Amino acid sequence: MKKSSSCLYVVIPCYNEEEVLPVTTEKLTEKINKMIKEDLINKNSKIMYVNDGSKDKTWALIKELNKSNKYVTGVNLSKNRGHQNALLAGLMIAKEYADIVISMDADLQDDINVMDKMIEKYNEGCDIVYGVRSARKTDTFFKRTTAELFYKFMAALGVDIVYNHADYRLMTKRALTELENFKEVNLFLRGIIPLIGFDTAKVEYERNERFAGVSKYPLKKMLSFALDGILSFSIKPIRLITLSGFIISFLSFIFLIYVIIGHFISNNVTGWTTIVSLICFFGGFQILCIGIIGEYIGKIYSETKQRPRYIIKDILLKEKENVKK
Ligand code: UDP
Ligand code: MG
């Protein structure tokens with residue numbers, strides 16, 4: 001069944017992206033024109049930039065583009081809330097106007113030419129289409145290995161995430177409406193979206209290099225993002241702590257028997273080394289365990305407060321063409 005003339009919104013979170021926006025807009029405009037011509041999407045389709053509290057001229061640029069380009073719309077957040085929250089803000093607004101939404105990064109690292117394939121899958125009846133990186137040749141060795149390790153680690157923890165899929169994906173209005181019901185504050189969309197269900201598909205693409213500007217994900221942000229993903233979706237680390245608690249108690253018990261027997265057989269006062277190493281070991285291990293449990297408590301703490309995930313300052317639409325659905 002071909003659902004022609006669907007209205008597509010491309011949602012792009014932007015944090016200090018003044019260097020890339022002009023080129024990104026140009027390329028996307030070309031692509032959207034082409035897709036409209038091929039009747040893959042309809043004329044009301046748009047690009048929606050979400051300015052995530054940028055410190056440079058990103059928002060001014062979006063405002064200009066909104067005037068000069070017939071496809072550009074914009075959302076301005078009240079402050080920097082991070083990639084995931086900015087993306088969610090854009091998705092929630094776009095779903096009011098669009099039939100389908102594709103999310104991607106501002107730097108065009110995700111190949112825009114696979115949008116056709118995504119829409120094809122949508123026409124075949126899928127509600128979510130994941131863009132999956134087939135090769136990571138252009139990523140640095142460090143980024144590639146840490147990212148792949150992370151996906152494998154998540155899978156080992158039993159979290160259902162799509163291997164090598166970031167946030168380049170197509171979602172229908174129906175899937176986005178369901179996404180709205182996931183109220184968690186510690187947002188890790190890659191973990192939440194597979195929970196929605198419906199018919200899904202994957203399309204492969206090669207990830208390009210960021211063509212301008214620098215990555216907005218320094219190591220610190222990457223680590224905190226990975227931790228968010230793990231702690232929000234798996235309680236296995238806590239189970240492991242309990243398990244290791246059992247094992248260590250068992251070993252200590254055997255050791256205790258050995259010490260008692262030793263005490264009766266030989267009268268030695270040695271054992272200083274053993275005591276010190278045991279103190280060090282258990283000291284470190286206990287602090288680690290308390291730390292992990294603390295991380296979970298921290299998550300519960302922020303979830304119970306139920307603070308808004310983003311606050312919108314301005315929305316720029318195209319008055320005539322944007323019709324709420
Ligand atoms: N981004 C954002 N808020 C942030 C950090 C990043 O909206 O606090 C956006 C950024 O502008 C880009 C996307 O998230 O569109 C992904 O960031 P980036 O390309 O720097 O990450 P990388 O590809 O290096 O992982
Ligand atoms: Mg990037």
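No lab work stands behind these numbers, since they all come straight from the coordinates. Since the model is a prediction, treat every value here as computed from it, not as a measurement. No Cβ is skipped: glycine too gets one built from the backbone with ideal geometry, and neighbour counts run over all protein chains shown.
Here is how the numbers come out for the structure above:
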read-out	value
Net dipole in debye of region 167-325 [+1 Lys, Arg Cβ; -1 Asp, Glu Cβ; about Cα centre; nearest 20]	600
Mean shadow area of region 86-157, taken as a quarter of the surface of its Cα convex hull (nm²)	6.6
Among 307-316, 22-31, 124-133, 286-295, the order from most to least packed when residues are scored by Cβ within 10 Å on average	124-133, 22-31, 307-316, 286-295
Selected from T138, T73, T242 as most flexible by GNM, with the chain as the system and alpha-carbon contacts under 10 Å	T242
Set of region 124-163 residues, backbone N closer than 12 Å to the point 7 Å along the Cα-Cβ line of S215	138-148
Enclosed volume per residue, in Å³, of the convex hull spanned by Cα atoms of the chain	157
Against the rule of thumb 2.2 N^0.38 Å, how large the Cα Rg of region 208-325 comes out	1.95
Angle between the chain longest axis and helix 83-94 axis [Cα atoms, degrees, rounded to 10]	40
Region 7-59: Cα Rg divided by the 2.2 N^0.38 Å rule of thumb	1.25
Lysine pair number, Cα distance threshold 12 Å (strictly under), region 46-178, separation 8 or more or different chains	4
Extension gain, R174 back to D160 (0.36 nm per residue minus Cα-Cα distance, nm)	3.0 nm
Estimated translational D of region 150-209 in µm²/s (Stokes, Kirkwood radius over Cα pairs; 10 °C; 1.306 mPa s)	122
Whole-Hz ³J(HN,Hα) from phi, Karplus 6.51 cos²θ - 1.76 cosθ + 1.60, for region 164-178, glycine and proline x	6, 10, 9, 10, 8, 7, 9, 9, 8, 4, 4, 5, 5, 5, 5
Principal axis box of region 130-241, alpha-carbon based, largest edge first, Å	40, 36, 23
Test item: Cα-centred dipole of the chain, Lys/Arg +1 and Asp/Glu -1 on Cβ, debye	460
0 to 90° range, to nearest 10: angle between helix 236-265 axis and the chain longest Cα axis	10
Gaussian network model of the chain, springs between alpha carbon atoms under 10 Å - residue of S215, S249, S224 with greatest fluctuation	S249
Computed P(r) (all Cα pairs; region 52-183; 5 Å bins; percent)	2, 8, 14, 19, 21, 17, 13, 5, 1, 0
Region 198-288 - charge dipole about Cα centre, Lys and Arg +1 at Cβ, Asp and Glu -1, debye rounded to 20	220
Inverse mean reciprocal Cα-Cα distance (Kirkwood Rh) of region 1-109, Å	13.8
Cα long-axis angle, helix 141-156 against the chain (0 to 90 degrees, to the nearest 10)	70
Gained length - I290 relative to T273, 0.36 nm times residue gap less alpha-carbon distance	3.6 nm
Helical mean residue ellipticity (222 nm; -39500 (n - 2.57) per DSSP H run of 4+; nearest 500) of the chain	-16000 deg cm²/dmol
Computed Kirkwood radius, in angstrom, where 1/r is averaged over Cα pairs of region 100-142	11.9
Value of D in µm² per second that Stokes-Einstein yields for region 212-253, Kirkwood Rh from Cα pairs, at 25 °C (0.890 mPa s)	190
